[in-house]
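Dropping the structure in here first, questions after.
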There are 2 protein chains.
Amino acid sequence: MNGVDILGYSAGFITTLTFLPQVLKTYKEKSARDISLNMFLIAATNEIMWVVYGFLKNDMVIVLTNAVVLVLSLTMVVFKLKYSKSVANKIE
Amino acid sequence: MNGVDILGYSAGFITTLTFLPQVLKTYKEKSARDISLNMFLIAATNEIMWVVYGFLKNDMVIVLTNAVVLVLSLTMVVFKLKYSKSVANKIE
């Protein structure tokens, strides 16, 4: 494995965890008013495409990394639907 | 180009645009309180890694798609810093 490969694997690993800080913040604060539902619906749909692509290419790295992002995206969709009104509720 | 390739290119195109609904929502509503700054800082750093990786692999598809996501991520970092307090300001 050369330096370019290491850079690629490192970048891929970080990509997998990109949504994690948002999931943790939203879980902690129970507020998702400013979050775009469309962003995470598109992300989840897109990750399903990548997982299918990974299976068809028989590439388990693509399948597994995108499965992680899929779970995080679906978590944000659930959080958005659950916590979207929390700021409004607090004001009321 | 076979069906698997078409799926891969389609998935890549959608990935490029994933952050766009969030950018548009935040631009419109001028509120970013619920947005994770860390998420978009990690995303921006990660996209720089992918752009460098693309250059080193001489793969302009990787360079260009990740350059688009980099611009959207940096836009969200700026919006977060600019609009983070807007809900609090409105309440005051």
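The values are calculated or read from the model by the stated rules, or taken from the named source; none is laboratory data. What you are looking at is a predicted structure, and each value in this text was computed from that prediction instead of being measured. Positions of Cβ are backbone-derived with ideal geometry, glycine not excepted, and every protein chain shown enters the neighbour counts. These area figures cover heavy atoms from the full protein model, side chains too; ligands, DNA and RNA do not enter into them. Shrake-Rupley method; radii C 1.70, N 1.55, O 1.52, S 1.80 Å.
Condition check ((1) assigned to a loop (DSSP other than H, G, I, E, B); (2) within 26 Å of A:Val51 (Cβ to Cβ); (3) of a type outside the set (Asp, Glu)) across all residues:
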residue: B:Met1; (1), (2), (3): yes, yes, yes
residue: B:Gln22; (1), (2), (3): no, yes, yes
residue: B:Arg33; (1), (2), (3): yes, no, yes
residue: B:Met39; (1), (2), (3): no, yes, yes
residue: B:Ile42; (1), (2), (3): no, yes, yes
residue: B:Asn46; (1), (2), (3): no, yes, yes
residue: B:Trp50; (1), (2), (3): no, yes, yes
residue: B:Phe55; (1), (2), (3): no, no, yes
residue: B:Asn58; (1), (2), (3): yes, no, yes
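Right, next: Please go through segment A:1-25 and pick out each residue that is facing chain B (nearest Cβ under 7 Å), in contact (Cβ under 8 Å) with a residue 24 or more places away in the chain and within 14 Å of A:Lys80 (Cα to Cα).
Result: A:Phe19, A:Gln22.
Further, regarding this structure: Does A:Thr16 satisfy the condition of being in a helix (DSSP H, G or I), under 24 Å from B:Tyr53 (Cα atoms) and of a type in the set (Ser, Thr, Tyr)? Before the answer, list the steps.
Numbers: in a helix (DSSP H, G or I): yes; under 24 Å from B:Tyr53 (Cα atoms): yes; of a type in the set (Ser, Thr, Tyr): yes.
It is true that A:Thr16 is in a helix (DSSP H, G or I), under 24 Å from B:Tyr53 (Cα atoms) and of a type in the set (Ser, Thr, Tyr).
Moving to a separate point now. Quick one: is B:Gly3 surrounded by 16 or more Cβ atoms within 10 Å (Cβ to Cβ), of a type outside the set (A, V, I, L, M, F, W, C) and over 20 Å from A:Phe40 (Cβ atoms)?
Considered against the rule, which asks whether it is surrounded by 16 or more Cβ atoms within 10 Å (Cβ to Cβ), of a type outside the set (A, V, I, L, M, F, W, C) and over 20 Å from A:Phe40 (Cβ atoms), B:Gly3 comes out as no.
Is one or more of the residues making up segment A:7-15 over 19 Å from B:Thr16 (Cα atoms) and open to solvent by less than 50 Å² (accessible area, probe 1.4 Å)?
Yes: segment A:7-15 contains one or more residues that are over 19 Å from B:Thr16 (Cα atoms) and open to solvent by less than 50 Å² (accessible area, probe 1.4 Å).
Please work out if A:Val77 is assigned to a helix (DSSP H, G or I), more than 9 Å from chain B (Cβ to nearest Cβ) and either surrounded by 16 or more Cβ atoms within 10 Å (Cβ to Cβ) or aromatic (Phe, Trp, Tyr) (or both).
Yes.
Are there any pairs with C-beta distances below 8 angstrom linking a residue in segment A:50-61 that is at the interface with chain B (Cβ under 10 Å from one of its Cβ atoms) to a residue that is of a type in the set (Gly, Ala, Ser) and not in a loop (DSSP other than H, G, I, E, B), with the two at least 6 apart or on different chains, and if so which?
A:Trp50/B:Ala11; A:Val51/A:Ala67; A:Tyr53/B:Gly8; A:Tyr53/B:Ala11; A:Lys57/B:Gly8
On to the next question. Of all residues being surrounded by fewer than 23 Cβ atoms within 10 Å (Cβ to Cβ) and touching a Phe, Trp or Tyr at 6+ places or on another chain (Cβ under 6 Å) in segment A:27-37, which is farthest from the other protein chains (Cβ to nearest Cβ)? Just the residue, please.
Checking each candidate, the answer is A:Lys30.
Right, something else. Run A:Phe40 past the list (1) under 22 Å from B:Tyr83 (Cβ atoms); (2) hydrophobic (A, V, I, L, M, F, W, C); (3) open to solvent by 40 Å² or more (accessible area, probe 1.4 Å) and report the number of the one that doesn't hold.
A:Phe40 satisfies all of (1) under 22 Å from B:Tyr83 (Cβ atoms); (2) hydrophobic (A, V, I, L, M, F, W, C); (3) open to solvent by 40 Å² or more (accessible area, probe 1.4 Å) except (3).
Could you tell me which numbered condition A:Tyr53 fails, if it satisfies all but one of (1) in contact with a Leu (Cβ under 7 Å, 6 or more places away or on another chain); (2) within 26 Å of A:Lys82 (Cβ to Cβ)?
Just one mismatch for A:Tyr53, condition (2).
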